[in-house]
Every structure is written in C-alpha cells, then in structure tokens.
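The values are calculated or read from the model by the stated rules, or taken from the named source; none is laboratory data. Quick caveat, the model's predicted, so the values are computed rather than measured. Every residue, glycine among them, receives a Cβ derived from its backbone with ideal geometry; neighbour counts consider all protein chains shown. Ligands, DNA and RNA are excluded from the accessible area calculation, which covers all protein heavy atoms including side chains. Shrake-Rupley method; radii C 1.70, N 1.55, O 1.52, S 1.80 Å.
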Amino acid sequence: MDTMQAPPPGILLIRSLRGKEWSLNTYRYVVLLLTFIAYACYHASRKPTSIVKSVLDPEPVTVGRSYPWPLGEVFVKEKGLTGKGSGLSDKGWAPFNGDDGTVKLGEIDVAFLACYSMGMYVAGHLGDRLDLRLFLTIGMIGSGIFVGLFGMGYFWGIHVFWFYLVMQMIAGLFQATGWPSVVAVIGNWFGKRKRGLIMGIWNAHTSVGNICGSLLAASVLQYGWGWSFILPGALIIMGGIMVYLFLAAYPEDVGFPSAFGLHSHSKVETGCKDEEAQMPKGHVVEAETSSLSRGGSMTRSNAIGLIEALFIPGVIPFAMCLFFSKLVAYTFLYWLPFYLSQTEIGGEYVSVKSAGNLSTLFDVGGIVGGVLAGYMSDKLNARAITAASFMYAAIPSMLLYRSYGGISKSINIVLMMIAGLFVNGPYALITTAVSADLGTHSSLKGDARALATVTAIIDGTGSVGAALGPLLTGFISKKGWNAVFLMLIIGALIAGLLLSRLVIAEFQEKTGKSKAHSDVPQQEGIEGSASQPLLRDQR
C-alpha cells in the first residue's frame, strides 16, 4: 500500500504562490504550531462545563465586595452576573437545580470522560491506519458541533437531563481523536533528541487551551450560559478547517523521508544539513536510500495491535501512573472554578466569572511544570524519576493550597500555581515524551507504527482516571472539600509508587549498578534505561 497522500490544499496553494518548496525545518515549525493550536482548541472546548457549574448549581453563593486585584479588571466581580436580566437565574438551571445538583454535574463530567477514554483506544487503533490529517479534522469538527449543541439547550429551553448527557457522551467520542493524532504527527516529524524539552514546551497547548477556554466561556457568561459552549465549539470547528488545509501529517506526504527512517540512523541524523533538509525524497543521496526506504515505505496498515502494544516495556506502568495522575489533574480541571466560587478567599467569595478567570492561573503553573519536567527528564535521561518526583512533590503542594489558600488572594494564587506546576508536570511528560518514546521503542525494531496506538493506551487508561476523579468529587464534595483533597493526595501518592520499579532501574543505571546496560546509548531515554530491564524480563 502506498503511504503517500496528496499534500494538504493549503500547502499546495502556498507552493504555487512562493514558487519553491519549504525546508524540512520550516515544515517542522508549521507542524508544531498547527498541532499546538489543534489541541489547544480541544482543551478550550472542554472548559465550559467547569465554568458554568456554579450557574447551573442550585446553591449560588453570595459574593462580597470586589477588589480589582491582581490583574486589574479581569477579576472584578459583576453584580449583574447572577442578577435579573443577566440571562442567568439565581435558582440555577433544571435539571441541575435539585438537591442532587452536584451529583448530576459529576455525572455529566464522567459521561464525557468515560466515552473519551473508551473512544481513545479505538481512535489510537484507527490513527495508525488512517490518514491523520483527515482523522483529526473530522474529530475537531464533530467535537465543535456537539459542544455547541450542549449550549443550544439553553436557547431551546431544554431541561431534560438525558439531552445534556448524550451531548457530552458524543462530544467525548469525537474528542478522543485528538491526543493520539497530534502525538503521532509530532512523532512522525521529530526524533528522540531533546524530545522531552520540545514536547514539554509544545504540551503547553493543554494549559493554553484551558486558559483560553476559561476566559472565553467566562467572557460571555452574562449573556447566557449557552454562549459559553457555542463560542468554544465554533473555535474548534475553525481549528479543524485549518488542520485540513495546512497540516502535513507525514513527512513523506510532502516529499521527505519518513522520520522513522530519518532518525533511526545516526548517519542521517548527523548529516541533515540545510541542503539536505530542502531535498525531496527522490534526491536523497544514494548511500542513504537503503536506510531510509524501510521507514519511508512503511504502510499505514502495518500497525501493531493493542495487545502487542501492551507488551512494549514500560507501557503498563506509565499507563497506570497516568490513571492516577489524570484523576488529580482533571479534578482540578473540572472542579477548581466551582471550588473557588464556594470557598472564602481573604474573607470573601468570588463570583462565577472571577472564579473562572482565577482558575486559569493553575494552568499557568502547569505550563511551567510541563516545560520543567521535559527539560529535567532530558538532562537526567530519566523519565520515570522525573515523573515520580513531581507526583510526590504535588502532595505537599496540594496540602498547602488547601490549608493556606483561603488566607488572601495573593497566597491563593501563588499556592495554586505551585500546585499546578507539580500536578501537570508529570501528566504532561507522560502523555507526550514518554508516549512518543514508547511508541517508537527499540523492541518494535522499526517494523510497525505504534505511536497512536501506544499513546491511546497510555492516555486512554489515564482518561479512565480522569473520568473517575470528577465523578467522585461530585459525591465527596458534599462531605466537605477536605475529603476531596484527601482523595487527590492519595491519588498522587499511588501514581508515584506505581513507577517505583522503573525509578529503581533508572537509579541502578545512573549509579553503574546495572552493568548489563552500560553499552546503551544515553540519548535513547526510556529505551536505554528503565525499560530495558523490563524488556529483558519479557523475553
């Protein structure tokens, strides 16, 4: 089967206007930008439910006096936000305004995330077999449509619970196409060198999407909560159109060798100068043709199955770690704005809009955490040690936030950002660099595509935890927020402990105790450290 696809129509247009081809590095920058925007749109479209929780909830709090601090008008409370004529009701929105309102909100979250996690396994399986550009486009447009339909329930006056449940479930299935696809595209274009740092920076799309989604949803909340869904839905649809027009999912589709071949051989890796970078596949020097042909001729049907991918060393431990890591991270994602609006900060409550804006600072800390975790894992050549260290550090950071976050806004913001740094750091590392490392693991011997499949297994398992956390919070929050934070601390502890075997293996390699692996090249990351003992055990 020929792996070549026609270049995206937008790139064909640019070629005709410029009269010449882009270099390999230019394509890489474009791929980084487009996948960044694409996944930021995915996350932006997930935020509205967390922003409108306090509007739908039957027990809105009474807000006190407002102070425009620390970011000027951004955090000013607007009295009209829950008042008459604002489009919002003090009594909430049926069917979420009963005694079981928070439970129903938790069920809405789990419906989305359960379908998302189940759809992830199917999406990863399909992503290694179908054209990623079209697959990603369909997923983004479908997501936008059903996110928008959820918001239309406000304008249509729908008060039936099953309508909102079904809209979230279908949206979750479409959202599952995103992560396996964007990680596979990045893996197609980039090798392992500095992968942790590159993907740490690139993974800021998660936090940027959360921030943009929160700000966008909160900005139109006073006109009716339906707009908080329609605008993010329209945003991801526009992002899908942009992906269709400009994203080159595979290097070979625009005339370059497959990255599987390009980065499998040091001769090609070191010889990739500007002149070579601008060479189409047909003009690569003959001496390298044989080494590249294997990667370039790889068919999209030559992908491994889910069971085979599970036996790649390191996949199961990291998948289980991500289960608990995402349980913690997504509880903050879906419930932090609600928590802020229901908790006294400096002796006063903040409004729904202010809580949504304030919660974005958790994701600002998450951006720093993702970059720092990626950089440290590259420097130490130790993905497991880095991820486990961040999970353990998240425990005291969450304790401090719960205990002292209510003293003042300044302390709340600082502690929130620190918690975001340690909570999102390992989550970002595992879902990006670790997934890409394992998806191109040496045990595959270059014979199969596994990027989307491995990414789907790891993130799909993590998404089960992401579904469980918000659901449990809906029940546990009725007993008090201390119980919720206890759940999060236990989750972070288990996540760190699950990597113990890989951490020990990495320490042994670093201290020279693991003599059997002294000849493994350092740049191989997971393949050359923690996963090698596992590979030997499997054999």
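Here the condition is being out of contact with any Gly (no Cβ under 6 Å at 6 or more places or on another chain) and either assigned to a helix (DSSP H, G or I) or closer than 21 Å to Ile457 by Cβ (or both); of Gly148, Gly153, it holds for Gly153 alone. Assess whether Tyr116 counts as being assigned to a helix (DSSP H, G or I), of a type in the set (Ser, Thr, Tyr) and under 19 Å from the mean Cα position of the chain (by Cα). Here the answer is yes, as Tyr116 does meet what is asked.
If you check Phe190, Phe155, Phe150 for being modelled with pLDDT of 80 or more and open to solvent by 20 Å² or more (accessible area, probe 1.4 Å), only one passes: Phe155. Each residue in region 125-137 was checked for being open to solvent by 20 Å² or more (accessible area, probe 1.4 Å) and within 11 Å of Val183 (Cβ to Cβ), and 0 of them qualify. Screening the candidates Ile411, Ile418, Ile407, Ile367 for the property of being outside any helix (DSSP H, G or I) and in contact with a Gly (Cβ under 9 Å, 6 or more places away or on another chain) yields one hit, Ile407. Just to be sure before I move on: is Ile138 hydrophobic (A, V, I, L, M, F, W, C) and at pLDDT 95 or above in the structure I sent? Spelling it out, Ile138 is indeed hydrophobic (A, V, I, L, M, F, W, C) and at pLDDT 95 or above. Of all the listed residues (Leu400, Leu380), the sole one being open to solvent by 20 Å² or more (accessible area, probe 1.4 Å), at pLDDT 90 or above and either within 16 Å of Leu502 (Cα to Cα) or out of contact with any Phe, Trp or Tyr (no Cβ under 8 Å at 6 or more places or on another chain) (or both) is Leu400. Scanning region 472-486 for residues that are touching a helix residue (DSSP H, G or I) at 6+ places or on another chain (Cβ under 8 Å) and open to solvent by 30 Å² or more (accessible area, probe 1.4 Å) turns up Leu472, Phe475, Ile476, Lys478, Trp481, Asn482, Ala483.
Going by the conditions given, is Pro9 open to solvent by 40 Å² or more (accessible area, probe 1.4 Å), farther than 19 Å from Leu333 by Cβ and at pLDDT 90 or above? Here the answer is yes, as Pro9 does meet what is asked.
Taken as a whole, the structure leaves Lys326 outside the set of residues that are surrounded by fewer than 24 Cβ atoms within 10 Å (Cβ to Cβ) and not aliphatic (A, V, I, L, M).
Would it be correct to say that Val122 is surrounded by fewer than 19 Cβ atoms within 10 Å (Cβ to Cβ) and closer than 21 Å to Phe323 by Cα? Spelling it out, Val122 is indeed surrounded by fewer than 19 Cβ atoms within 10 Å (Cβ to Cβ) and closer than 21 Å to Phe323 by Cα. Within the option set Glu73, Glu59, Glu21, being assigned to a helix (DSSP H, G or I), of a type in the set (D, E, K, R) and modelled with pLDDT under 90 holds for one residue only, Glu73. Can you name every residue in region 498-514 that is free of Cβ contacts under 8 Å to residues at least 40 places away in the same chain and open to solvent by 70 Å² or more (accessible area, probe 1.4 Å)? Correct list: Ile504, Gln508, Thr511, Lys513. The condition (being within 20 Å of Leu415 (Cα to Cα) and either in contact with a helix residue (DSSP H, G or I) (Cβ under 6 Å, 6 or more places away or on another chain) or modelled with pLDDT of 50 or more (or both)) is satisfied by just one residue among Phe324, Phe338, Phe318, Phe311: Phe338.
Can you tell me which residues in region 12-29 are under 23 Å from the mean Cα position of the chain (by Cα) and open to solvent by 40 Å² or more (accessible area, probe 1.4 Å)?
We begin by selecting, within region 12-29, every residue under 23 Å from the mean Cα position of the chain (by Cα); these are 27-29.
Answer for region 12-29, where residues must be under 23 Å from the mean Cα position of the chain (by Cα) and open to solvent by 40 Å² or more (accessible area, probe 1.4 Å): just Tyr29.
Checking each residue in region 171-187 for being over 15 Å from the mean Cα position of the chain (by Cα), at pLDDT 90 or above and open to solvent by less than 50 Å² (accessible area, probe 1.4 Å) picks out only Ala171.
Tyr42 passes every criterion in (1) farther than 30 Å from Leu165 by Cα; (2) crowded, with 17+ Cβ neighbours inside 10 Å apart from (1). Just to be sure, is Met199 within 19 Å of the chain's Cα centre (by Cα) and open to solvent by less than 10 Å² (accessible area, probe 1.4 Å)? Answer is yes for this residue.
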